[in-house]
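Okay, structure first, notes after.
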Amino acid sequence: MIINGVEIEDTFGEAFGMTATRIVITALTDRWARVAGETMTGFATSVIGCGAEAGIESEIPPDATPDGRPGVSVLLFAVSGEELTKQVERRVGQCVLTCPTTAAFAGLESEKPIPLGKNLRYFGDGYQISKRIGGRRYWRVPVMDGEFLCEELTARTSAVGGGNFLVLGCSQEQVLAACERAVGAIRRLPNVLLPFPGGIARSGSKVGSKYKSLMASTNDAYCPTLRGLVDSRLGPEIESVLEIVINGLGEADVREATRVGIQAACELGAAGGIRRISAGNYGGKLGKFRFHLRELLQ
Amino acid sequence: MSRLVLTLREPPAHRIDMGAFTPDRLAGLSAEDVRRIPLWHGRRQVPAGDLFQVEGTDAEQILIQAGSDRLDGIGTGMSGGEILVEGHAGAYLGREMGGGTIRVTGNTGLLTGSAMFGGQVQVEGSCGDFLGAAIPGERRPMRGGFIAVHGNAGDRVGDCLRRGIIVIGGNAGDYCASRMGAGTIAVLGTVGDQVGLGMRRGSVLLTVEPRLPPTFNANGTHYLGFLTLLTRSPGFGAGPFAAFRERGTRARRWLGDLGYGGKGEVLLWS
């Protein structure tokens with residue numbers, strides 16, 4: 001399969017089951033909502049080292065937020081409900097509660113609730129006020145700029161993490177440009193998150209390492225500087241490879257994001273130095289979900 | 001199936017306990033079964049059919065026509081469905097109600113919504129004293145749900161209130177929110193004397209400056225985000241209460257009753 005001169009490899013991206021939640025953060029201005037969202041989703045690129053994968057899903061206009069102020073929607077993914085609970089409380093407690101003028105609300109409904117303000121309320125030292133409005137419970141915690149308003153619970157849902165595709169091209173600049181296009185297109189979609197910096201990862205990994213203490217190490221088959229030394233998957237014209245990792249609330253969301261992302265990356269085409277689209281997998285042994293590139297682009 | 005309609009044959013000479021006529025209790029009964037339900041009328045027990053014309057079978061929706069202020073306990077303990085009262089209703093409307101909706105086009109008597117813990121009560125007229133309060137001597141006040149009164153309310157609105165929301169489109173009498181433990185009371189009109197006397201927690205939202213007991217302290221003016229959540233909630237958008245939405249989130253605040261911990265709040269929407 002060739003799109004705009006770019007070869008779509010006959011392979012699949014492998015993804016794993018995760019658990020996820022959405023939180024809506026509002027503030028006096030869109031700037032401060034964004035600051036809170038960015039802060040609470042900092043250092044959240046991979047569950048391996050960060051405990052959670054998180055990012056801002058979208059900005060929300062005032063007329064669509066619970067309290068009528070500008071807001072952002074944040075997605076958090078973790079490997080288990082327990083870890084997600086821990087990460088939500090820690091991140092909201094340290095990064096949203098502390099951020100001027102913010103409020104936090106549940107962005108998901110499901111039968112699996114997790115605490116949002118349920119324990120953070122104790123920061124109020126007994127002066128916190130509970131309000132039950134429209135069947136939901138909110139906490140008003142007195143803070144120095146007024147009140148921190150926080151919904152008691154949010155909800156978690158099963159999700160998909162680690163969907164991915166690789167962009168292979170003739171130069172760093174060209175591959176980065178193609179990936180930026182893909183990121184721009186994917187970020188317009190709901191329910192998906194690109195957890196890596198700017199949505200793009202350069203350090204794709206393989207399972208295992210020559211060092212016993214490491215579970216994963218560099219994906220040598222796709223490192224252009226190891227061509228000729230290892231069993232490389234790169235042709236002579238490939239100088240750079242970047243990966244886009246996609247988490248989504250559902251399999252269909254990841255599938256659609258992968259499709260939209262690859263199409264955007266291929267817009268520059270062979271003329272723009274993009275040669276091949278591939279994907280990372282473990283032979284289908286580890287992940288529950290497979291996204292066959294050619295299948296989803298048909 | 002058509003809704004169940006109870007029409008008073010004539011204004012009753014005595015008070016009638018209407019607790020038997022809820023969607024839960026009448027589910028599956030025919031109109032004839034409903035007519036046979038015994039009701040106390042003075043010293044005598046009479047079949048409901050002697051006092052009411054009964055038509056229809058769908059007890060999920062009950063219409064009580066030509067209501068009277070002697071019809072007490074309408075909707076007692078109901079957990080779902082809908083009761084519409086065309087005319088007035090008596091005391092204890094919606095008592096111990098856990099779900100469903102009651103709408104009254106006229107006035108209601110004493111203790112509307114007492115011990116209620118869910119559902120919605122809408123009174124298009126006015127209501128008597130002790131709205132949403134505990135019956136004297138009883139420890140169970142309103143503990144959840146939503147009561148909207150388009151007209152005025154009497155004294156002791158929300159006495160001992162534990163949870164739930166009461167909104168009043170007109171005026172409220174004396175001792176509004178007395179001994180309140182939690183919950184929310186909003187009044188569009190004026191309130192009488194001694195608002196919040198003995199209040200421990202909870203919120204009273206007003207639009208006219210109140211005469212507070214001396215045991216309340218001024219707390220300043222604040223932006224309170226929860227007011228948006230409250231005024232956007234279902235129930236606040238209807239009838240006279242839509243005016244609340246235009247009030248914004250800035251409010252003058254008093255804390256009290258300081259004799260009881262002082263964690264209650266009286267807010268004056270500026």
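May I ask you to say which residue of A:S203, A:S217 is in contact (Cβ under 8 Å) with a residue 12 or more places away in the chain and in a strand (DSSP E or B)?
Values: A:S203 fails: in a strand (DSSP E or B).
Selected residue: A:S217, the only one of A:S203, A:S217 that is in contact (Cβ under 8 Å) with a residue 12 or more places away in the chain and in a strand (DSSP E or B).
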TODO: Check A:E256 against each of (1) within 19 Å of A:G287 (Cα to Cα); (2) touching a strand residue (DSSP E or B) at 6+ places or on another chain (Cβ under 7 Å) and name the one condition it does not meet.
DONE: (2)
Open item on the list: Which of the numbered conditions does B:S68 fail, given that it passes all the others? Conditions: (1) among the hydroxyl-bearing types (S, T, Y); (2) within 22 Å of B:I135 (Cα to Cα); (3) at pLDDT 95 or above.
Closed with: (3)
- [ ] Confirm whether A:F196 is within 22 Å of the chain's Cα centre (by Cα) and within 30 Å of A:K285 (Cβ to Cβ).
- [x] yes
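Just wondering, is there one or more residues in segment A:150-160 that are among the acidic types (D, E), within 14 Å of chain B (Cβ to nearest Cβ) and assigned to a strand (DSSP E or B)? Lay out the reasoning, then the answer.
Residues of segment A:150-160 among the acidic types (D, E): A:151-152.
If we keep only those that are within 14 Å of chain B (Cβ to nearest Cβ) too, we end up with A:151-152.
Remaining after also requiring assigned to a strand (DSSP E or B): A:151.
Taking every residue of segment A:150-160 in turn, at least one turns out to be among the acidic types (D, E), within 14 Å of chain B (Cβ to nearest Cβ) and assigned to a strand (DSSP E or B).
Conditions tested, residue by residue: (1) surrounded by fewer than 19 Cβ atoms within 10 Å (Cβ to Cβ); (2) of a type in the set (D, E); (3) on the phi < 0 side of the Ramachandran plot.
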residue	(1), (2), (3)
A:K210	yes, no, yes
A:S217	yes, no, yes
A:D220	yes, yes, yes
A:G235	yes, no, yes
A:G248	no, no, yes
A:E251	yes, yes, yes
A:V254	no, no, yes
A:S278	no, no, yes
A:L286	yes, no, yes
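Per-residue answers, yes or no, for (1) buried (at least 18 other Cβ atoms within 10 Å of the Cβ); (2) more than 17 Å from A:L84 (Cα to Cα); (3) within 25 Å of the chain's Cα centre (by Cα); (4) among the aliphatic types (A, V, I, L, M):
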{"site": "A:N119", "(1), (2), (3), (4)": "no, no, no, no"}
{"site": "A:Y122", "(1), (2), (3), (4)": "no, yes, no, no"}
{"site": "A:S130", "(1), (2), (3), (4)": "no, yes, no, no"}
{"site": "A:M144", "(1), (2), (3), (4)": "no, yes, no, yes"}
{"site": "A:L149", "(1), (2), (3), (4)": "yes, yes, no, yes"}
{"site": "A:G162", "(1), (2), (3), (4)": "yes, no, yes, no"}
{"site": "A:F165", "(1), (2), (3), (4)": "yes, yes, yes, no"}
TODO: With a cut-off of at least 1 residues that are within 14 Å of chain B (Cβ to nearest Cβ), name the strands (runs of 3 or more DSSP E) lying wholly within segment A:65-146.
DONE: A:71-78, A:103-106, A:129-133, A:136-143
Task: Test: A:S110 is modelled with pLDDT under 95, closer than 30 Å to A:M18 by Cα, under 24 Å from the mean Cα position of the chain (by Cα) and of a type outside the set (D, E) - done: yes
Task: Matching entry among B:A177, B:A182, B:A186 (being closer than 19 Å to B:I135 by Cα, at pLDDT 95 or above and within 13 Å of chain A (Cβ to nearest Cβ)) - done: B:A182
- [ ] Tell me, yes or no, whether segment A:159-171 has at least one residue that is touching a Lys or Arg at 6+ places or on another chain (Cβ under 6 Å) and more than 28 Å from A:A270 (Cα to Cα).
- [x] no
Task: B:A134 out of contact with any Cys (no Cβ under 8 Å at 6 or more places or on another chain) and in contact (Cβ under 8 Å) with a residue 12 or more places away in the chain - done: no
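Within segment B:171-270, which strands (runs of 3 or more DSSP E) (wholly inside it) include 2 or more residues that are surrounded by fewer than 19 Cβ atoms within 10 Å (Cβ to Cβ)? Give the steps one after another, and end with the answer.
Details: elements: B:184-187, B:203-206, B:217-223, B:250-256, B:264-269.
Result: B:217-223, B:250-256.
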Task: Positions within segment B:122-154 being more than 20 Å from B:G202 (Cα to Cα) and not in a loop (DSSP other than H, G, I, E, B), in sequence order - done: B:Q122, B:V123, B:C127
Open item on the list: Can you tell me which of (1) touching a Ser or Thr at 6+ places or on another chain (Cβ under 7 Å); (2) more than 14 Å from every other protein chain (Cβ to nearest Cβ) is the one A:F43 doesn't meet?
Closed with: (1)
- [ ] Just name the residue that is farthest from B:T76 (Cα to Cα) out of those in segment B:11-43 that are in contact with a Gly (Cβ under 6 Å, 6 or more places away or on another chain) and not in a loop (DSSP other than H, G, I, E, B).
- [x] B:R35
Open item on the list: Step by step: first the residues of segment B:135-150, then only those that are small (G, A, S) and buried (at least 21 other Cβ atoms within 10 Å of the Cβ), then the one that is farthest from the other protein chains (Cβ to nearest Cβ). Which residue is that?
Closed with: B:A148
TODO: Among what's in segment B:213-251 and is away from chain A (no Cβ under 11 Å) and among the aliphatic types (A, V, I, L, M), pick the residue that is farthest from the chain's Cα centre (by Cα).
DONE: B:A218
TODO: Among the strands (runs of 3 or more DSSP E) lying completely within segment B:50-115, list those that include at least 2 residues that are within 22 Å of B:G239 (Cα to Cα) and of a type in the set (S, T, Y).
DONE: none
Task: Subset of segment B:3-25 (residues that are touching an Asp or Glu at 6+ places or on another chain (Cβ under 9 Å) and under 16 Å from B:G100 (Cα atoms)) - done: B:R3, B:L4, B:G19, B:P23
Open item on the list: Being surrounded by fewer than 20 Cβ atoms within 10 Å (Cβ to Cβ), out of contact with any Gly (no Cβ under 7 Å at 6 or more places or on another chain) and either of a type outside the set (D, E) or at pLDDT below 95 (or both) is the filter here; which residues of segment A:11-31 pass it?
Closed with: A:T11, A:G17, A:L28, A:T29, A:R31
- [ ] Determine which single condition B:L4 fails, assuming it passes every other condition in (1) under 23 Å from B:S126 (Cα atoms); (2) crowded, with 20+ Cβ neighbours inside 10 Å.
- [x] (1)
Open item on the list: Please go through segment A:174-200 and give me each residue that is within 14 Å of A:A265 (Cβ to Cβ) and either out of contact with any helix residue (DSSP H, G or I) (no Cβ under 8 Å at 6 or more places or on another chain) or among the hydroxyl-bearing types (S, T, Y) (or both), ordered by number.
Closed with: A:V175, A:L176
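The values are calculated or read from the model by the stated rules, or taken from the named source; none is laboratory data. Remember, predicted model here, so these are calculated numbers, not experimental data. So basically every Cβ, Gly included, is an ideal-geometry build from the backbone, and we count neighbours across all protein chains shown.
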